[in-house]
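Here is the structure we will look at.
The values are calculated or read from the model by the stated rules, or taken from the named source; none is laboratory data. Just so it is clear, the structure is predicted and the values come from calculations on it, not from any experiment. Neighbour counts are summed over all protein chains in view; Cβ atoms, including those assigned to glycine, are modelled from backbone coordinates with ideal geometry. We work out accessible area using only protein heavy atoms, side chains counted, and drop any ligands, DNA or RNA first. Shrake-Rupley method; radii C 1.70, N 1.55, O 1.52, S 1.80 Å.
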There are 2 protein chains.
Amino acid sequence: AIDPAFLHAFGKLPARIDHASGPDAEERISLGRTLYYETRLSKNHDLSCNSCHDLAAFGVDGKATSPGHKGQLGARNSPTVYNAAGRHAQFWDGRAVDVEEQATGPIMNPVEMAMPDEKRVVETLRSIPAYVEAFAKAFPEEKEPITLANVGKAIGAFERGLVTPSRWDAYLGGDEKALTDEEKVGFTRFMETGCTACHAGAYVGGAMFQKLGLVKAWPTNKDLGRFEVTKNEADKMMFSVPSLRNIAKTGPYFHDGSVESLDEAVRMMAAHQLGKELADDDVKSIVAWLGSLTGEVPAAYIAKPELPASTDKTPKADPT
Amino acid sequence: AIDPAFLHAFGKLPARIDHASGPDAEERISLGRTLYYETRLSKNHDLSCNSCHDLAAFGVDGKATSPGHKGQLGARNSPTVYNAAGRHAQFWDGRAVDVEEQATGPIMNPVEMAMPDEKRVVETLRSIPAYVEAFAKAFPEEKEPITLANVGKAIGAFERGLVTPSRWDAYLGGDEKALTDEEKVGFTRFMETGCTACHAGAYVGGAMFQKLGLVKAWPTNKDLGRFEVTKNEADKMMFSVPSLRNIAKTGPYFHDGSVESLDEAVRMMAAHQLGKELADDDVKSIVAWLGSLTGEVPAAYIAKPELPASTDKTPKADPT
Ligand SMILES: [Ca+2]
Ligand SMILES: [Ca+2]
Ligand SMILES: [Ca+2]
Ligand SMILES: [Mg+2]
């Protein structure tokens, strides 16, 4: 049985990951939902957030790195958007503080959605009457509600509802039967091995930066993590510790998507972060427990709305 | 300079560490304060909480292990009571869930305050009119307010105000000058070394159990930590990770008080928990930063009240 005292370091997912000030208005969430699926926020009208973070596939695309504008591949694996709002910071290197700030990034990123400038984003949305109305309702106090920052705020408001409670939450809520015996053993191994040092809390991670290769150097250092943003020596190989919620469904693993198998990812973590070689049985049971973190996706909440039609003022798709 | 993104894993101390339901009534806190200093809660009327947890000395007695009833030494170092209410669990092995539950333990512990039974505790307090009145005010809904559980509740209510904000909180609040340059370097080393894996949050620790000797076996295993309570194999050498608040003032270190010097404690942590040998300079700067966690003790709050006089019904001191 799991020692209940170990569970203090964990917690159930909230129903929504709201701001301290409370939930966003329904109008903002619903606008965000539409924008999440809006391909006209990409230069060639072919990519939306959902292209790389497929809400029907646990918020990922299953690729090592994702094809963006003109099929260009970025250098990093697309993390899931589920429960991402609860992380201490966004991106593998933590360069955005929250989902609202994060969401404006990919739209302008030349290898992602590749919009040339904020002007094009605003022009596009303004040319579509349904968006003019939806932004006015979502930001009722603002005179010019269609801005890139507000696109981020609306998408962020939507993302704050992308929460996936799982059997682990049921277990934390007192339902002893929610986990199998093997999963319980797996949690105990996870704890004993020291994984909880980095992966704890409601998100089982997502709360801090840690050095990748803390005890034993990581096999690659092409991507230096937070150092790429700050150029501080101390930030070399510092990565934001991912949440392990839905981890069985969000392979391939690590910031470069270099590892296909979850077994292998677990073994590498033990070796490089903790200086330990795990026995096959321990890997198996840890992976079994990780499976209990696979949650329910909120089917109604993520249902794709109909996108409003373009008008003749809408800038055209640009494949260049 | 400290990368501000690293600070997300930390937090300022609250003004009080209250229950989710809100602060206790003043009457309960004030009764708890008196009981904290009450030697008649010990068999020989010679020990109070303050004997081992001296509030004027950062909540400790500075000894490896503390003399209790008849000078008997326990096996464990007395942790500080400052900020203890914020810990995930109480005692080195986490065997009490909160300060209220904890406080009833030492009164009955035969090598601490050594009261023979709850009856003697109740008799003692009932024999003193000022306590009869104070318990009635502190627990107005109860018919028989003088119980051991209520002694714990009152002392716990008092302990929830034992909070020591320090320069580190000022720094987290935005005062860049609150830390010296060396302390800032020290925090960065603490982070890079991986100490934050276990010591993070507002209490810089205090949030979970971890194996002592996680990467490299600990030199002693006389005390097996949480295993002593549960007898679960998985709990061997699992200890509750201490808060590092006021750590410069709460030596000697570790559960058995076996290490005098903070430098040495830091080196041992790096070696045994993280498989790393720290350079002298790094130890020095980490210890410098730890100094910034030394806080202000709330002088007025801890002022010792006058203890009410015994009556002829009060059981006598018993040196046996
Ligand atoms: Ca992935
Ligand atoms: Ca934060
Ligand atoms: Ca100590
Ligand atoms: Mg707790």
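Data for the structure
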{"quantity": "Residue match in segment A:198-216 (condition: among the aliphatic types (A, V, I, L, M), surrounded by fewer than 22 Cβ atoms within 10 Å (Cβ to Cβ) and either outside any loop (DSSP other than H, G, I, E, B) or away from chain B (no Cβ under 14 Å) (or both))", "calculated": "no"}
{"quantity": "Single condition A:SER51 does not satisfy, out of (1) part of a helix (DSSP H, G or I); (2) within 16 Å of ligand 1 (Cβ to nearest atom); (3) within 21 Å of A:VAL163 (Cβ to Cβ)", "calculated": "(3)"}
{"quantity": "So A:GLY32, is it crowded, with 21+ Cβ neighbours inside 10 Å and within 14 Å of chain B (Cβ to nearest Cβ)", "calculated": "no"}
{"quantity": "Count of residues meeting criterion [buried (at least 20 other Cβ atoms within 10 Å of the Cβ), more than 16 Å from ligand 4 (Cβ to nearest atom) and small (Gly, Ala, Ser)] in segment B:62-85", "calculated": "3"}
{"quantity": "Tally, over segment B:155-188, of residues that are over 20 Å from B:PRO14 (Cα atoms) and small (Gly, Ala, Ser)", "calculated": "1"}
{"quantity": "Segment B:254-308 - residue that is crowded, with 16+ Cβ neighbours inside 10 Å and of a type in the set (Phe, Trp, Tyr) and, of those, nearest to the other protein chains (Cβ to nearest Cβ)", "calculated": "B:TRP289"}
{"quantity": "Residue that is farthest from the other protein chains (Cβ to nearest Cβ), among those in segment A:1-27 that are within 16 Å of ligand 4 (Cβ to nearest atom) and open to solvent by 50 Å² or more (accessible area, probe 1.4 Å)", "calculated": "A:LYS12"}
{"quantity": "Criterion violated by B:LYS249 - all others in (1) open to solvent by less than 50 Å² (accessible area, probe 1.4 Å); (2) more than 14 Å from every other protein chain (Cβ to nearest Cβ) satisfied", "calculated": "(1)"}
{"quantity": "Matching residues in segment A:70-98 - criterion: being away from ligand 2 (no atom under 14 Å from the Cβ) and of a type in the set (A, V, I, L, M, F, W, C)", "calculated": "A:LEU73, A:ALA75, A:VAL81, A:PHE91, A:TRP92"}
{"quantity": "Count - residues of segment B:158-183 that are crowded, with 18+ Cβ neighbours inside 10 Å and closer than 13 Å to B:LEU290 by Cβ", "calculated": "5"}
{"quantity": "Scan of segment B:233-246 for residues that are within 15 Å of the chain's Cα centre (by Cα), within 14 Å of chain A (Cβ to nearest Cβ) and free of Cβ contacts under 8 Å to residues at least 60 places away in the same chain, ordered by number", "calculated": "B:VAL241"}
{"quantity": "Unmet criterion (only one of (1) acidic (Asp, Glu); (2) closer than 27 Å to A:LEU7 by Cβ; (3) touching a Ser or Thr at 6+ places or on another chain (Cβ under 8 Å)) for B:GLU183", "calculated": "(2)"}
{"quantity": "Complete set of residues in segment B:86-112 that are in contact with a helix residue (DSSP H, G or I) (Cβ under 8 Å, 6 or more places away or on another chain), open to solvent by 10 Å² or more (accessible area, probe 1.4 Å) and more than 14 Å from chain A (Cβ to nearest Cβ)", "calculated": "B:GLU100, B:THR104, B:PRO106, B:MET108, B:PRO110, B:VAL111, B:GLU112"}
{"quantity": "Verdict on A:GLU228 being open to solvent by 20 Å² or more (accessible area, probe 1.4 Å), within 14 Å of another protein chain (Cβ to nearest Cβ) and not in a loop (DSSP other than H, G, I, E, B)", "calculated": "yes"}
